[in-house]
Amino acid sequence: MTDADWIGFGLAVLLIELTPGPNMAWLAALAMGEGRRAGLAATAGVAIGLFVNALAAALGIAFIVSASPLLWQVLRWGGAAFLFWLAWESWRDAGENSPALIAAPGRSRHHFLSGLVVNLLNPKAMLFYVVVIPRFNGGQVPGFGLAVALALVSIAIATTVHLTIVVAGSRVGGWISDPARTRTVRRILALAIVGVAIWFALTAGR
């Protein structure tokens, strides 16, 4: 790959990440509802999930998934169901405004695992490495080393965008101090996650 190919790939990834998607919407809702710490934990999970998808593509697993309608649909609907569960969880906890809940042991781990699972169950995240990367490598599937290097570049760009969203969302959430207002906002955000789940299911179709 030439320098121009690397630059073009980075710009393509940035444009894709700036397009609203499940990660962006969910991270914004989480940071607004539970603050920066929750958003950062989820961002770390998202990054690891993206890297696992990249490894799957480099090892050829992503090609198997993209060629199998059954596996694709299992991931598609599994991801949508998981997002619906996150929406229910957010709605259920909307009335709890104590700092103890947000800072409870294992809460960050929970958000990390949620970010990880959402991306592992997103077939389009895996397909990105199958479809986009070869276009910047002369139409050829890259070798393992190059595939990992490209994945790290894309993950670095995606994580930068996600961190920006989390910081902005936590600042907006910090302005909400009234418990009743907090409950209302969290339930609106829970409904927003439902919308993300529906969007996920519809846009991940074949």
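The values are calculated or read from the model by the stated rules, or taken from the named source; none is laboratory data. Every value quoted in this text rests on a predicted model; they were computed, and no experiment measured them. Remember, those area values only see protein heavy atoms, side chains included, never the ligands or the DNA or RNA. Shrake-Rupley method; radii C 1.70, N 1.55, O 1.52, S 1.80 Å.
Could you check how many residues of segment 36-53 are at pLDDT 90 or above and polar (S, T, N, Q)?
Of the residues in segment 36-53, 1 are at pLDDT 90 or above and polar (S, T, N, Q).
Out of (1) open to solvent by less than 30 Å² (accessible area, probe 1.4 Å); (2) at pLDDT 75 or above; (3) over 20 Å from the mean Cα position of the chain (by Cα), the odd one out for LEU70 is which?
Single failed check for LEU70: (1).
Restricting to segment 1-53, name every residue that is open to solvent by 20 Å² or more (accessible area, probe 1.4 Å) and among the aromatic types (Phe, Trp, Tyr).
Within segment 1-53, TRP6, PHE51 meet the criteria.
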